[in-house]
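The values are calculated or read from the model by the stated rules, or taken from the named source; none is laboratory data. Here the structure is a predicted model, which means the values were calculated and not measured. Glycine also receives a Cβ, built like all others from the backbone with ideal geometry; neighbour counts cover every protein chain displayed. Ligands, DNA and RNA are excluded from the accessible area calculation, which covers all protein heavy atoms including side chains. Shrake-Rupley method; radii C 1.70, N 1.55, O 1.52, S 1.80 Å.
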Amino acid sequence: MNAAIAPTVEPTAARRTSRSARHRPAWRRGAALAGLVVLGVWIVIALTLPWWSPHGPRDVVGPRLRPPGRHAWMGTDALGRDVLIRTLWGARTSLPVAVIVIAGAVLLGCLIGAVAGAAGGLTDAVLMRLVDITMAFPPVLLAMAITASRGPGIGNALMAMVLVWWPIYARLLRSQIVAVRHREFVESATAVGASPLLTLRRYILPMSFTPVLVNASMDLGQVVMLTAALSFIGLGARPPSPEWGAMITEGATNFYQWWIALCPGLAIVTVVLACNFVGDALRDTFDVRDTFE
């Protein structure tokens, strides 16, 4: 059965990948490499920081509100803590939260989307109406409402973001399954006796999951921004936690000490741009726009 079906799928994927690689501009390859390097640097920092950090994120290292200089490269905050060190420690909060949120949203959304796309009929209609209701609210406002109802804290903010993000992946995977399930190789598998579950797992999902992977890589940066936004308004990480959004809030209260908000702001920008560059590279590599041509 596999030998009869595989030739129908694999040459098309190979032609699609090689075509996208040929037409990818050089600057896009460079941007993708830069994005991978930046993400790799932040991941290494988050994993290894406790072993080489000269002091902790809550340690007082000098006079309060000292501008950038030799003793503190990005200055100190209102309590005399090193802004650069606190920003680096913030990666240990923002990056794991983003990964957990995306993983939870992908698992929940793909489960619901797979059931809706494979079952069809009334099940599909009910689940998609649930998705429509959730997506009718702006994501930021819905996350704020859920977090505020449960109380400030990074755990509640994490749960709220998962509840906000899963409908995106449910709708995306469901649309891909609907487009794939009537293709020739799926009908061939069904004709030779493959069960619906086997057909879904072995033939439909592998051809439907690429757009989900691309979207997840780009959403990592969006989750970092939403986490910072919730912390900025007091619904995420609580002081003295070194979280980027909370640090920007402190910078807003000390407006003329520009360095307090600059460092965490640059951290957010670099992570978001890196995730977008990597997501664009994955889209070009897998050429998701031509998946069903």
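Ile233 sits with roughly 90 Å² accessible to a 1.4 Å probe, with DNA, RNA and ligands left out of the calculation.
For the chain, relative contact order (Cα pairs under 8 Å, six or more residues apart, normalised by length) works out to 26 percent. Trp42 contributes about 30 Å² of solvent-accessible surface, heavy atoms of the protein only, 1.4 Å probe.
On the principal axes of its alpha carbon atoms, region 29-291 extends 76, 43, 28 Å, with the longest extent given first. Legend: calculated FRET efficiency, Leu33 to Trp73, from the Cβ-Cβ distance at R0 = 35 Å, rounded to 0.05, equals 0.85.
The alpha carbons of region 56-200 stretch over 75, 33, 18 Å along the principal axes, in descending order. Modelled spin labels at Leu122 and Leu213, positioned 7 Å past Cα toward Cβ, are 3.8 nm from each other. If you sort Val223, Val99 by accessible surface, 1.4 Å probe, largest first, the order is Val99, Val223.
Carbon and sulfur together cover what percent of the accessible area of the chain at a 1.4 Å probe radius? Roughly 69 percent, rounded to a whole number.
Rounded to the nearest whole Hz, the Karplus-based 3J(HN,Hα) values (6.51 cos²θ - 1.76 cosθ + 1.60, θ = phi - 60°) of region 137-153 follow the sequence 9, x, x, 5, 5, 5, 4, 4, 5, 5, 5, 5, 5, 9, x, x, x, with x at glycine and proline.
Once each part is reduced to its C-alpha centroid, what is the distance from region 150-172 to region 47-84 in angstrom? After rounding, the separation between the Cα centres reads 32 Å. For region 116-122, putting each phi into the Karplus relation 6.51 cos²θ - 1.76 cosθ + 1.60 with θ = phi - 60° gives couplings of 5, x, 7, 7, x, x, 5 Hz, in residue order, rounded to whole numbers and with x for Gly and Pro. What the chain shows is 50 Å² of accessible area per residue, with the surface traced by a 1.4 Å probe over protein heavy atoms. Ellipticity at 222 nm from helices only: DSSP H runs of n ≥ 4 in the chain, each -39500 (n - 2.57), divided by the residue count, give -25000 deg cm²/dmol.
Ratio of Rg to Rh for region 50-89: 0.93 [Cα atoms; Kirkwood radius as inverse mean 1/r over pairs].
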